[in-house]
Amino acid sequence: MKPATMIENSGKLKSLLRILLIEHHPNCLQMLRDLLTSGPIQTEITTVGRSIFSEALSCADEHDLIIADLELPETEDLEFADSLRQRATLTPIIVLIDRDTEAARNEAIRIGVQDFLVKELLNSEVVHRSVRYSIELHRCRKQHNDCETQIRRIIENTGDAIITVDRRGIIIFANSSAGLLFGREQDELINKEIGLTATNGKIDELEIIRGDGRIAVAEMQLIESMWDGEPAFMASFTDVTKRDKIGEHFVRSQHIGNFARAAGVMVHDLNNVLTPILHWIPKLKTMNSADPAAVKFCNTIYTSARRGQEIVEQIREFIRDPRDSEQLLSISEVIEDVKEMIANMLPASITIKSQVRSDSDQIRGNSIQLRQALCNLCLNARDAMSDGGIIAVDLDTKDTDTGFATPHGSIEPGSFVMVTITDTGSGISSTHIDNIFEPFFTTHADREEAGLGLSTAASIIRFHGGLITVKSEIGSGSEFKVYLPAIVPPSPEPYAGTTISIPKGTMESVLVVDEDVTVCEIMKVTLEQCGYRVVIANDKADAVALIAHAGGKFSAVIIDIETSAVAIESMISAINSLNSNLRIIGISGNLTRETISAAIPQQIDVFLEKPFSTETLLNVLDGVLSNNCDQLA
């Protein structure tokens, strides 16, 4: 039977207190009855003789209070007292003794009684005070034990690793998180010696060598505490290994950001260097058409300049927002580029091969990012083949009517380009395969690796609306499948700039605005030779002033937009307010068509990315003046 609550919610004693009285002397028993019933406390008393051990123990936990006559420390009395305490764990006990001796006091404390009374000193006031004191003390102890149990439960289940060590530095408690942090079973940590050198309350960072040899970084705080009534130290450890890696990654990202900004300036300057070359070489070739050596020389220079233009474009794709650089591309060409790059990173014992099983390889995406994703997968395959092997990169298509999902993502029904990368390496264990796409996860603890290769690859594939799957077994190699949405390429339309006949102007006035003097000069000569009047301005303020004084004589303005589309918006607004019929062509070696369109929509008629050819410029200018060019075409 569950014992009744001795204290009501108000904190007062219950109106009726059930007392078990264990006494074998009739006179003492009667005296106790009289004393208990004479006070303000209403009692219900049950008496049991000491000689009936079993009866006394059987009903011990059914009462609010036990008063027992025990002549401590006799052996028989001690055994009965221990049995009584174990039986009535939730019931307060008062012990009656004949003499107040130190041995009796110590034994009473040992068995956990709440109070003891000396028979010869009994009176009503003493008895009732002892009853109240014992019940209140028991309630306080129970609350204390409940709180301690709750705290231990919290400590056991918290995410931080917590250990308690005694004054000798021996671990006397460790929660489950400590086992995870130290890489050992929780029970293995108990009774192990650990050296903790820290100031009480101060947070220190330290490295922990885990059971598997890996190193974890944790913040530790040490506080003085008590454990099972003894002085101790409690240490809490917060695992900051990932946080530190994220911090390193953040610093690395800042460096990349600084590089991107510097590269943006370089791209703009390089385009200004290439633009005059690409404009002048065709003219020099025409002027020296009778000299085969000169023509060959011009062709070589032009080819080199075009190669430089492609390199600049690759840098620009790398530093621009991925959403601004998506384009229709052939994934088979991306695979070939990856093969060439990876071949230089492979030891002689590893070969890479590829096979294309489908002609449908068109997708929309960022070629730089996709190269990075496939390179990461190939490098992961390389690292799994320490003894050599084969990396196979195969291309195929897959149609799905229902789509499918994996723990790492899902795809909708549709047609997909499927790139399969297999290796003959060591394989991935089942315990690791679900974690390989997590940031900073790596199975190469002996190498200084960030563990970002597969995570980055998966992020890139998801960004492109695709999915990556993995299948692997220890000793059987690994197979990664990359699914990317397939695109049916539109039929090519003739581009107006490819016409053989280069359009000529009819002496229309054109204002060229560019801070680079060389670009202004080459565009001035080119346009004047093709029938235009050209005025140049190397400053945007001068350009606005020229338009204001021209009185509408300019038919078009070509403006260089350097690094910020927003910065030029006020200038274009001023131009439109001065001459709303003026056609505007924007050019830039750094910004993209999408960026310009988002920043200043409906304010530029056509946008050209540097470097561009003479034919492109002339065709676009002719189209703008004849109202035959699309917005930002």
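Give me the percent of the accessible area of region 328-386 that comes from carbon and sulfur atoms, probe 1.4 Å, all protein chains in place.
44
Explain nothing, just compute: Karplus ³J(HN,Hα) = 6.51 cos²θ - 1.76 cosθ + 1.60, θ = phi - 60°, for every residue of region 140-149 in order, whole Hz, x for Gly and Pro.
Per residue, the Karplus-derived 3J(HN,Hα) values read 5, 5, 5, 4, 4, 5, 4, 5, 5, 5 Hz.
Express in nm, to one decimal, how much length is gained between Trp227 and Thr286 on full extension, taking 0.36 nm for each residue of separation and deducting their alpha carbon distance.
Result: 11.8 nm gained on full extension.
With the cut-off at 18 Å, tell me which of the pairs Lys339/Lys610; Lys353/Lys481; Lys353/Lys471; Lys283/Lys504; Lys285/Lys610 have Cα atoms farther apart than that.
Lys339/Lys610; Lys353/Lys471; Lys285/Lys610
When the Karplus curve 6.51 cos²θ - 1.76 cosθ + 1.60 is applied with θ = phi - 60°, which whole-Hz ³J(HN,Hα) does each residue of region 396-402 get, with x for Gly and Pro?
Once θ is set to phi - 60°, the couplings for region 396-402 become 8, 10, 9, 9, 10, 8, 10 Hz.
At q = 0.12, 0.14, 0.20, 0.22 Å⁻¹, what base-10 log of I(q)/I(0) does the Debye formula yield for region 264-402 when every alpha carbon is treated as an equal point scatterer in vacuo?
Log10 of I(q)/I(0), two decimals: -0.72, -0.87, -1.13, -1.22.
Using per-residue counts of other Cβ atoms within 10 Å, averaged over each peptide, order 100-108, 173-181 from highest down.
Peptide ranking by packing, descending: 173-181, 100-108.
Set the Förster radius R0 to 35 Å, insert the Cβ-Cβ distance between Ile209 and Ile474 as r into 1/(1 + (r/R0)^6), and round the FRET efficiency to 0.05.
After rounding, the FRET efficiency stands at 0.85.
Counting only heavy atoms of protein chains, what accessible area per residue, in Å², does region 359-430 have with a probe of 1.4 Å?
Ligands and nucleic acids excluded, the result is 43 Å² per residue.
Per residue, how many Å² of accessible area does region 122-204 show with a 1.4 Å probe?
Spelled out: the 1.4 Å probe surface of region 122-204, per residue, equals 61 Å².
Compute the Rg/Rh shape ratio of region 338-420: radius of gyration over Kirkwood radius, all on alpha-carbon atoms.
1.02
Give me the Kirkwood hydrodynamic radius of region 502-576 in Å, from all C-alpha pairs, to one decimal place?
12.8
Counting other Cβ atoms within 10 Å, which trypsin sites (Lys or Arg not before Pro) in region 124-174 have at most 10 and lie in a DSSP loop?
Passing sites in region 124-174 are Arg167, Arg168.
Taking H as built 1.01 Å from N, whose amide H comes closer than 5 Å to the amide H of His24, not counting residues under 5 places away?
Those qualifying (amide H under 5 Å, at least 5 residues apart or on another chain) are Arg50.
Rounded to the nearest percent, how much of the accessible area of region 115-202 (1.4 Å probe, protein heavy atoms only) is carbon and sulfur?
Roughly 50 percent, rounded to a whole number.
Provide the per-residue ³J(HN,Hα) series for region 105-115, in order, calculated from phi with Karplus coefficients 6.51, -1.76, 1.60 and θ = phi - 60°, each as a whole number of Hz, with x at glycine and proline positions.
With the stated coefficients, region 105-115 comes to 4, 4, 5, 5, 5, 4, 7, x, 6, 8, 7 Hz.
Based on the Cβ-Cβ distance of Arg167 and Ser83, what FRET efficiency does E = 1/(1 + (r/R0)^6) give at R0 = 35 Å, to the nearest 0.05?
0.50
The values are calculated or read from the model by the stated rules, or taken from the named source; none is laboratory data. Since the structure is predicted, the reported quantities are computational estimates derived from the model, not experimental observations. Counting neighbours? That spans all protein chains shown, and the Cβs are built from the backbone with ideal geometry, glycine included. Accessible surface areas use protein heavy atoms only, side chains included; no ligands, DNA or RNA. Shrake-Rupley method; radii C 1.70, N 1.55, O 1.52, S 1.80 Å.
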